[in-house]
Amino acid sequence: MTQETLLYTLPGMRDLLPDELARWQFIEQATRDVFGRYAFREIRTPLMEATELFARSIGQETDIVGKEMYTFRDQSGKSITLRPEATASVVRAYAQHAMYRGSGTTKLYYMGPMFRHEKKQKGRWRQFYQIGAEVLGSDHPAIEVETIEMVKSLLDMLEVKVQLLVNSVGCGRCRPQYIELLRADLQRMADHLCEDCRRRSVTNPLRVLDCKVESCQPYIEQLPRITDHLCEECTLHFNLFRKHLTMAAIPFEVTPRLVRGLDYYVRTAFEIVSVDLGAQNALVGGGRYDGLSEVLGGPPVSGFGFAMGLDRLVMLLPDRLSSLWVETTDLFLAHMGDQAFERALELARTFRREGFRCSLDFASGSLKSQLRLANRLNTRHVLIIGEDELASGRYLLKDLSDSSQRQLGAEEIIQHLRLPGASRHQAPSGEGA
Ligand code: AMP
């Protein structure tokens, strides 16, 4: 490997730089606010788990387990996988820490990186970020709607326009019969299907419904619809789910072909898509996974959850909201001469203690170069400290938003910055830290 190649991230991986991260942090904060209103609490699970956890829960025949996991052996020879998604980990944690004790329903959310060795494509990364939520311990369709309402209200707050697609994928009782129907039909049309579909017709016929290949579409359209083959309980559940969506005034579209890529879903499955995302239009995917805990050796427990692609959400955030996340500095302290530099350091310390975001130049550049730096930092005010200011203890405070300037002492500057609208971060009232 040459020296040069060391200076690049791996394919599908990227650095998130400070300018970009302001958007991410804004979304993360909004998420905490909104999810908190629905009494969801954060959980953080390890980035690595035993490979078997994902293989068993996601399903051997899925693309994720079959082709996309970053799996390796650690020093003890154990097979380890970088998490491709977090639901399995959350369910594991729920069982491991006996979180079912004491409370009927447990509501958890997470944010963090996931890893899938996917083919390179726009909107797909090999390290990508998800915000997700899981509800354990309730099989009521109303909790599904409450969870969807939560993510929908977050997206509304962020002014992101989306569409909700819903379906029922049946349960252990009705789905096998439907899959047999599907398999029989697929065998009949095998000659017309793409290679992936032909393979999936045998290994995982439901996934054929997901196929995007143009020439397969007329044949897939002829396949039986799962919603016409649900058992009585699944039909009741799906009806109640739709009723609660209507009661919550959440628009939706029933999409019988929506099956999701993971094996563990039962009954309700949903996606939130955005036309603004292009080919990779899925923003949120989720559904019900009663029984997953048992598959992993845990107690029987109902589960419902979703994962949202943060990388994609960031792309959808409208620029017109940018004043909400653009980072600004309240005060830049420009100094001329060694003594002024020391005074600037001392004043910055004082203002920071009061809660203001302050910055100064350490390169002892000219006033002009310092002002350039102030500009780059998106500064609202510049304080100029020269010989006269040092002697008098009164400094020239320039407000760059309206070009006004005033001569003020340190205490007056604090009062001025505390005026409503004068700084991004209002100092806490009372004494400093
Ligand atoms: P999934 O876990 O596959 O249901 O994905 C849930 C959401 O995560 C998707 O709707 C996407 O928004 C996002 N997502 C999944 N895979 C990727 C990826 N490779 N790159 C970026 N976002 C992804």
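A short reminder: the numbers here are calculations on the coordinates, not readings from a lab. These numbers come from a predicted model, not from an experiment. With ideal geometry, Cβ positions are generated from the backbone for all residues, glycine too; neighbour counts draw on all protein chains shown.
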- Note on the structure: If one builds a Gaussian network model of the chain from Cα atoms under 10 Å apart, the most fluctuating residue listed among T51, T106, T350 is T350
- Counting Lys +1, Arg +1, Asp -1, Glu -1, what net charge surrounds L21 among other residues with beta carbon under 11 Å of its beta carbon? -4
- Note on the structure: Assertion target for R312, R406, ordered by fewest C-beta neighbours within 10 angstrom first, is R406, R312
- Message: So if a site counts as exposed when it's one of the chymotrypsin sites (Phe, Trp or Tyr not before Pro), its DSSP state isn't H, G, I, E or B, and it has at most 14 other Cβ atoms within 10 Å, what's the longest stretch of the chain without one?
- Response: 9-361
- Item | Within the chain, helix-based [θ] at 222 nm, where runs of 4 or more DSSP H residues each add -39,500 (n - 2.57), nearest 500 | -10500 deg cm²/dmol
- Task: Would you mind ranking V314, V326, V90 so that the residue whose beta carbon has the fewest other beta carbons within 10 Å leads the list?
- Result: V326, V314, V90
- Note on the structure: For the table K67/K161; K119/K161; K67/K152; K67/K212; K78/K122; K212/K243, the rows whose alpha-carbon distance is greater than 26 Å are K67/K161; K119/K161; K67/K152; K78/K122; K212/K243
- Task: Treating cross-link reach as a plain straight distance, find the aspartates and glutamates whose alpha-carbon is under 14 Å from the alpha-carbon of K120, omitting any fewer than eight places away in the same chain.
- Result: E68
- Taking Cα centroids, how far is region 215-237 from region 336-404 in Å? 68
- Task: Please arrange H140, H97, H381 by counting, for each residue, the other beta carbons lying within 10 Å of its beta carbon, fewest first.
- Result: H97, H140, H381
- Give me the net charge of C194's neighbourhood, meaning all other residues with Cβ under 10 Å from the Cβ of C194; Lys, Arg count +1, Asp, Glu -1. +1
- Query: Which of the lysines could be linked to K368 by a straight reach, that is with a Cα gap under 17 Å, when you skip same-chain ones fewer than 8 residues away?
  - Reply: K398
- Task: Let me know the charge dipole size of the chain about its Cα centre in debye, to the nearest 20, where only the beta-carbon of Lys, Arg (+1) and Asp, Glu (-1) is charged.
- Result: 580
- Please give, to one decimal in nm, the separation of the simple spin-label points placed at M315 and D402, each 7 Å out from Cα toward the Cβ. 4.2
- Item | R353-Q222 pseudo-label distance in nm [points 7 Å out on the Cα-to-Cβ vector] | 8.1
- Message: Less than 13 Å Cβ to Cβ from M336, Lys/Arg counted +1 and Asp/Glu -1: what total charge do the surrounding residues give?
- Response: -4
- What GluC sites (Glu not before Pro) does region 324-433 have in DSSP loop regions with at most 11 other beta carbons within 10 Å? E431
